[in-house]
Amino acid sequence: MKTIIVSIIILLISFNMYGQTDSIEQSIAYKKALSMEITGPEYSKMVKDWKTAVKKSKGYPHLQVNNDGKVQYSFIKEYPNVSKSKLYNRIMEWVSVSYGIFPSYLYSNQEDGKIICSVSLKVNENTTSSFTYVISIKDNKILVNIMNLGYQVATVGHYSGDTWIPDSSYYSGIDQVFPIILKEPFKWNYYLDLMATINKQLNNEMDILSDFLINYDSRYVF
């Protein structure tokens, strides 16, 4: 029985290398113990410290993933009695209002019912998230796929003692963050909180878009 359980755990890990759930993160730590990369006591301490970190961050962020285990969000929204052309025009207006005129990267085709744009949102003082919307439009409903998720951290130039450290920045794809448990433990909460914030941002953006479309007519009553 023990052999079967271990085999199942290893099989689960092989299908998803991006720890998008707390249980998979812990399974990856267990795999390291099975392969003797870490000792039993080291594994026990890792799991204990991990649970403390997850609790401190108020839970593990549940990001959506596609069939390949990559982070990707999909939303289907229905708007009864709203034609494809109206939805298209209203979404284009929302994109303009939300992201300033139009994003730097925008593709749109009303006949095909397709809008693709890349945008960024401020996460905190020195971090921005970035992603691509692929919006497919039909009569009465839309499909929104959010992909190519990443974040950029910018550091302002400063002195370290007598040494000047120039401005710098780095970009990382969201998928590169996982598994978080294999990062340095002191970074766990940073990544957990970062993923939770980006997850909240994306869901909020969809709520804002939906509200804009549902209440569109009432906005222009004067």
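The values are calculated or read from the model by the stated rules, or taken from the named source; none is laboratory data. Because the structure is a prediction, the values reported are computed rather than measured. Reconstructed Cβ throughout: ideal geometry from the backbone, glycine too, with neighbour counts over all protein chains shown.
Quick rundown of the values:
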quantity: Evaluation of SER14 against (1) at pLDDT below 90; (2) exposed (fewer than 10 other Cβ atoms within 10 Å of the Cβ); (3) in a loop (DSSP other than H, G, I, E, B) (one fails), failing number; calculated: (3)
quantity: Test: SER83 is in the same structural domain as ILE214 (by TED's automatic domain parsing) and under 19 Å from the mean Cα position of the chain (by Cα); calculated: no
quantity: Residue list for region 133-186, filter: under 25 Å from LEU121 (Cα atoms) and of a type in the set (Asp, Glu); calculated: ASP167, ASP175
quantity: Criterion: under 30 Å from LYS114 (Cα atoms) and not assigned by TED's automatic domain parsing to the domain that holds ILE28 - qualifying residue of SER129, SER169, SER160; calculated: SER129
quantity: Residue ID - surrounded by the most Cβ atoms within 10 Å (Cβ to Cβ), chosen from residues in region 90-126 that are among the β-branched types (Val, Ile, Thr) and in contact with a helix residue (DSSP H, G or I) (Cβ under 7 Å, 6 or more places away or on another chain); calculated: ILE115
quantity: Some residue of region 153-163 being of a type outside the set (Lys, Arg), under 17 Å from the mean Cα position of the chain (by Cα) and surrounded by 11 or more Cβ atoms within 10 Å (Cβ to Cβ); calculated: yes
quantity: Count - residues of region 209-222 that are in a helix (DSSP H, G or I) and not basic (Lys, Arg); calculated: 9
quantity: Any chance VAL119 is free of Cβ contacts under 8 Å to residues at least 60 places away in the same chain and under 15 Å from the mean Cα position of the chain (by Cα); calculated: yes
quantity: Count of residues meeting criterion [out of contact with any strand residue (DSSP E or B) (no Cβ under 7 Å at 6 or more places or on another chain), of a type in the set (Ser, Thr, Tyr) and part of a loop (DSSP other than H, G, I, E, B)] in region 77-102; calculated: 1
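Every residue, every condition in (1) more than 26 Å from the chain's Cα centre (by Cα); (2) part of a loop (DSSP other than H, G, I, E, B); (3) among the hydroxyl-bearing types (Ser, Thr, Tyr); (4) at pLDDT 95 or above, yes or no:
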residue: LYS31; (1), (2), (3), (4): no, no, no, no
residue: ILE38; (1), (2), (3), (4): yes, yes, no, no
residue: PRO41; (1), (2), (3), (4): yes, no, no, no
residue: ASP49; (1), (2), (3), (4): no, no, no, yes
residue: VAL54; (1), (2), (3), (4): no, no, no, yes
residue: LEU63; (1), (2), (3), (4): no, yes, no, no
residue: GLY69; (1), (2), (3), (4): no, yes, no, no
